[in-house]
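The values are calculated or read from the model by the stated rules, or taken from the named source; none is laboratory data. Everything numeric in this text was worked out from a predicted model, so none of it was measured. No Cβ is skipped: glycine too gets one built from the backbone with ideal geometry, and neighbour counts run over all protein chains shown.
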Amino acid sequence: MNLVLLQNYLDNTAFAVLFCTMLVYWCGALFPSLTTLPTLGTAGMAIANLCIATLLGARWLEAGYFPLSNLYESLFFLAWGITTIHLIAENLVVAA
């Protein structure tokens, strides 16, 4: 498969999953009685995190350097970092 096409699919998938995850978290805030929503939100965040990590890896393979050279790549790295921190923080809160 072409790496550029793979990056396009991963980019669009990560955006769609993060958008749906945002809606899930908003519904969870509006309707706290729905107990399955936090699990769906965490799963969506993990899927988006893996999509972004794979996207960064594909860009690394294609370009031959770690993808932080322009704004597009830097923002994807920032999104990956924020979703990682979100998942860690959410697991710390659940464990406490």
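Run down T39, T13 and say which single residue is of a type in the set (S, T, Y) and closer than 18 Å to T84 by Cβ.
Residue meeting the stated conditions: T13.
Within the range 33-73, being of a type outside the set (S, T, N, Q) and in contact with a Leu (Cβ under 7 Å, 6 or more places away or on another chain) holds for M45, A46, A48, C51, L55, A58, L61, E62, P67.
Report yes if some residue within the range 34-45 is closer than 18 Å to L3 by Cα and out of contact with any helix residue (DSSP H, G or I) (no Cβ under 6 Å at 6 or more places or on another chain); otherwise report no.
The answer is no, given that none of the residues of the range 34-45 is closer than 18 Å to L3 by Cα and out of contact with any helix residue (DSSP H, G or I) (no Cβ under 6 Å at 6 or more places or on another chain).
Residue check: is C20 surrounded by fewer than 17 Cβ atoms within 10 Å (Cβ to Cβ), at negative phi and modelled with pLDDT of 95 or more? Here the answer is yes, as C20 does meet what is asked.
Return a yes/no flag: does the range 84-91 have any residue that is within 24 Å of M1 (Cβ to Cβ), touching a helix residue (DSSP H, G or I) at 6+ places or on another chain (Cβ under 7 Å) and touching a residue at least 24 places away in the same chain (Cβ under 8 Å). Within the range 84-91 (the criterion being within 24 Å of M1 (Cβ to Cβ), touching a helix residue (DSSP H, G or I) at 6+ places or on another chain (Cβ under 7 Å) and touching a residue at least 24 places away in the same chain (Cβ under 8 Å)), the answer is no, since none of the residues qualifies. In the range 52-77, of all residues being among the aliphatic types (A, V, I, L, M) and under 15 Å from V17 (Cβ atoms), the one that is surrounded by the most Cβ atoms within 10 Å (Cβ to Cβ) corresponds to I52.
Of all the listed residues (N12, N49, N91), the sole one being part of a helix (DSSP H, G or I), out of contact with any Lys or Arg (no Cβ under 9 Å at 6 or more places or on another chain), surrounded by 13 or more Cβ atoms within 10 Å (Cβ to Cβ) and of a type outside the set (F, W, Y) is N49.
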